[in-house]
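**Student:** Following this message is one structure expressed as structure tokens.
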Amino acid sequence: MKKIFLLILLGSSLTMYAQDPEDGLRLSWYAPNGTARSNALGGAMGSLGGDLSSNHINPAGLGFYKSSEILLTPKFLVQTNNFNYLGNPSSSDASKANFGSVGVVFADGHRKNNWTSSAFSITFNQIADYNNHMRFSGRNNFSSYSEKYLEELVHDNADTTAALNNYIFGSSLAYRTYLVDTTANANGAVTGYQSLVPISTGVNQVYDATTSGSYNELAFGWGGNIEDKLYLGASIIMPMINYNRFTTYSETDATTNPNNNFGGFVYNENFSSRGWGLGAKFGLIYKLESYLRVGVSLHTPQLITFRDKISSDMTTNTEGYAGVQSASSNDLNEGYPGVREYTLATPTKATISTSYFFAAPNKPTQPLGFISADLEWVNYAGTHYYANTYDQATTDYYHALNATIKSIYKNNVNFKIGSEIKLNGNWMLRAGTAYYGSPYSDESIKASHWTVSGGIGYRTNQHFIDFTIVNTATKDAIFPYRLNDKPNAYASYTGNRLMFNIGYGIRF
């Protein structure tokens, strides 16, 4: 884990701000959303086809369409979070109703040479939702948030002029509010920097972050089938990301001593990230038998150009040392937020799938239902940043960032399985589950996503409606800050996200 701390120090030399490896993970490690039917089946759609989620999972599935279709899928989310930070349990929650996915497929069911049918589809899908609220607290007598500013100034050998002006979203705020101050020798000459936080007697730390936004994909896909045996497809993907985070971090003196020059400080950060890009997905599905299918798909890295903005402020109570002091990045940057532009390549994904269709003994030619499974390989360590500007400091930073990503993340395999059974009439019952393992190479960090889902569907020749419930249980580690010279405390996180999903479609 040492490389990540060296990276933080390297990034601190930039006068604006820098990305963390976790920012890239936000675009690759999640339990993806799709249509209501796909969600009910745990996302195990790689060899099924006949659903608009095929555009985002395996576009060969579009080749199963013989008639056109339009679909709308809204959803409602309820999020519950539980934390344990330094032995102190806490919880938070959030809820949100939003847009899920919408799409249309235009099918051509007329035979042309060996092609039995083909279809073209346009879909817009919200594959990840960032709406959440995370809050935890604890007493710490080992380290302080202020030490990351101290490390920054010492690492850069910054003089007082640089400390005042060059780190306008962090260390300069700490220096201007006397959270970090200078040390001097007997002659009054500045010899270094010190934190005013009385770490040995303990501080009460509070981390509070509210996030919003989503990761969306606009997809243009084509799929066709040859002799109802071999299905081929491809889709062009345009990712669109909107992410916002407002963070408040505070530390207060854990003692009742009014004369130790520290009452507390509050740091506020407002961060936003907007991105759009391009990628592709390819796939095939083959019917080994009428009751058995296999599928293979490949998702290329998506190249996404981002524009991030940040602003921050700090207020520190130094009691008798300098009283209450405040500073804002707006005052140091002519009232404007800091802006950074860069490009990110998401990990490669590859999936192998199989589906088995079963029938009632008295009607062997009429499928009663199926069971489907996907194995998905994800190259988490392959997330790669590219600088949009070519000054040496920025180039060096992204080179170090990519090296850090390779060292702290690993490749992993995710598993999905789902089943559908036809009931009497036009009703169908569905269930599924999916497990997304840890992307971290550090085995001591326990992290996973596990979804359990179920739903029902009703279909006629022209209309269909699906009702789905999905529960996603998440384990992760949340670091409020990272230091170079000390072990880093983190909050053990367990979360449950309950999603209610409705899909309505019309065939034409």
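Here, each number is a calculation from the coordinates, and none is a lab measurement. Small disclaimer: the values here were computed from a predicted structure and weren't measured. Glycine also receives a Cβ, built like all others from the backbone with ideal geometry; neighbour counts cover every protein chain displayed.
**Student:** What dipole magnitude, in Debye to the nearest 20, does region 49-116 give about its Cα centre under +1 on Lys/Arg Cβ and -1 on Asp/Glu Cβ? Before the final figure, lay out the partial values.
**Tutor:** Values: 5 positive and 4 negative charges, 39 e Å.
With Lys and Arg at +1 and Asp and Glu at -1, about 180 debye.
**Student:** Distance from the Cα centre of region 17-64 to that of region 377-431, in angstrom?
**Tutor:** 11
**Student:** Can you tell me, using C-alpha contacts under 8 Å and at least 6 residues apart, the relative contact order of the chain as a whole percent? If you can, show how the numbers build up before the last one.
**Tutor:** On the way: 1486 pairs, mean separation 95.2, N = 508.
Relative contact order here is 19 percent.
**Student:** Once the dipole of the chain is set up with Lys and Arg at +1 and Asp and Glu at -1 on Cβ about the Cα centre, which of Phe83, Tyr167, Thr73 lies farthest towards its positive end?
**Tutor:** Thr73
**Student:** Next question, about the same structure. With unit charges on the beta carbons (Lys and Arg positive, Asp and Glu negative) and the dipole taken about the Cα centre of region 2-507, which residue among Gly202, Pro480, Phe415 sits farthest to the positive side?
**Tutor:** Toward the positive end, the furthest listed residue is Phe415.
**Student:** Right, here's the next one. Multiply the residue separation of Asp391 and Asp331 by 0.36 nm, subtract the distance between their alpha-carbon atoms, and state the gained length in nm to one decimal.
**Tutor:** Working: separation 60, 0.36 × 60 = 21.60 nm, distance 2.59 nm.
Value of the extension gain: 19.0 nm.
**Student:** I would also like to ask the following. For region 177-204 and region 224-266, write down the distance between their C-alpha centroids in whole Å.
**Tutor:** 33
**Student:** Next question, about the same structure. What dipole magnitude, in Debye to the nearest 20, does region 2-507 give about its Cα centre under +1 on Lys/Arg Cβ and -1 on Asp/Glu Cβ? Kindly include the intermediate steps, with their values, before the conclusion.
**Tutor:** On the way: 36 positive and 38 negative charges, 463 e Å.
About 2220 debye.
**Student:** Give the distance, in whole Å, between the Cα centre of region 470-501 and the Cα centre of region 332-367.
**Tutor:** Cα centroid to Cα centroid, the span is 22 Å.
**Student:** All other residues with a Cβ under 14 Å from the Cβ of Ala97 taken together, and with Lys, Arg as +1 and Asp, Glu as -1, what is their net charge? Don't jump to the answer; show the numbers that get you there.
**Tutor:** Details: positive: Lys75, Lys96, Arg497; negative: Asp129.
Computed value for this residue: +2.
**Student:** Under a point-charge model restricted to the Cβ atoms of Lys and Arg (+1) and Asp and Glu (-1), what is the dipole moment magnitude of region 90-177 relative to its Cα centre, in debye to the nearest 20? Provide the component values of the computation, followed by the final result.
**Tutor:** Working: 7 positive and 8 negative charges, 102 e Å.
For region 90-177, the charge dipole is close to 500 debye.
**Student:** Here's a follow-up. Report the semi-axes of the equivalent ellipsoid for region 250-298 in whole Å, largest first, where each axis is √(5λ) for an eigenvalue λ of the Cα gyration tensor.
**Tutor:** Details: eigenvalues 784, 68, 7 Å².
Over the Cα atoms of region 250-298, the semi-axes work out to 63, 19, 6 Å.
**Student:** May I ask you to sort Ser235, Ser444 by Cβ crowding, counting other Cβ atoms within 10 Å and putting the fewest first? Spell out each step's value before the answer.
**Tutor:** Values: Ser235 28, Ser444 7.
Exposure proxy ranking, most exposed first: Ser444, Ser235.
**Student:** With bins 10 Å wide starting at 0, give me the P(r) of the chain over every alpha carbon pair, in whole percents.
**Tutor:** Taking every Cα pair in the chain, the percentages come to 4, 17, 27, 21, 14, 9, 5, 2, 0, 0.
**Student:** Sticking with this one: Filter the chymotrypsin sites (Phe, Trp or Tyr not before Pro) in region 357-392 to those in DSSP coil with at most 13 other Cβ atoms within 10 Å of their Cβ, and list the result.
**Tutor:** Numbers: sites: Phe357, Phe358, Phe370, Trp377, Tyr380, Tyr385, Tyr386, Tyr390; in loops: Tyr390.
In loop regions of region 357-392 (DSSP not H, G, I, E or B), the sparsely surrounded chymotrypsin sites (Phe, Trp or Tyr not before Pro) are Tyr390.
**Student:** For region 336-350, in order, what is each residue's ³J(HN,Hα) by Karplus, 6.51 cos²θ - 1.76 cosθ + 1.60 with θ = phi - 60°, in whole Hz (x at glycine and Pro)?
**Tutor:** My calculation for region 336-350 gives 9, x, x, 10, 9, 10, 7, 10, 10, 9, 6, x, 6, 10, 9 Hz in order.
**Student:** Out of every Cα-Cα pair in region 363-447, what percent are more than 18 Å apart? Could the numbers behind the result be given before it?
**Tutor:** Working: 2288 of 3570 pairs.
That tail contains 64 percent of the Cα-Cα pairs.
**Student:** Taking θ = phi - 60°, what integer Hz values does the Karplus form 6.51 cos²θ - 1.76 cosθ + 1.60 yield along region 440-454, in sequence order, with x for Gly and Pro?
**Tutor:** Result, ordered by residue: 8, 6, 6, 5, 6, 8, 8, 9, 5, 10, 9, 10, 10, 9, x Hz.
**Student:** Quick check on my link table: of Lys75/Lys309; Lys406/Lys446; Lys349/Lys416; Lys66/Lys349, which ones sit more than 23 Å apart, alpha carbon to alpha carbon?
**Tutor:** Numbers: Lys75/Lys309 29 Å; Lys406/Lys446 18 Å; Lys349/Lys416 14 Å; Lys66/Lys349 29 Å.
In this structure, Lys75/Lys309; Lys66/Lys349 lie more than 23 Å apart at Cα.
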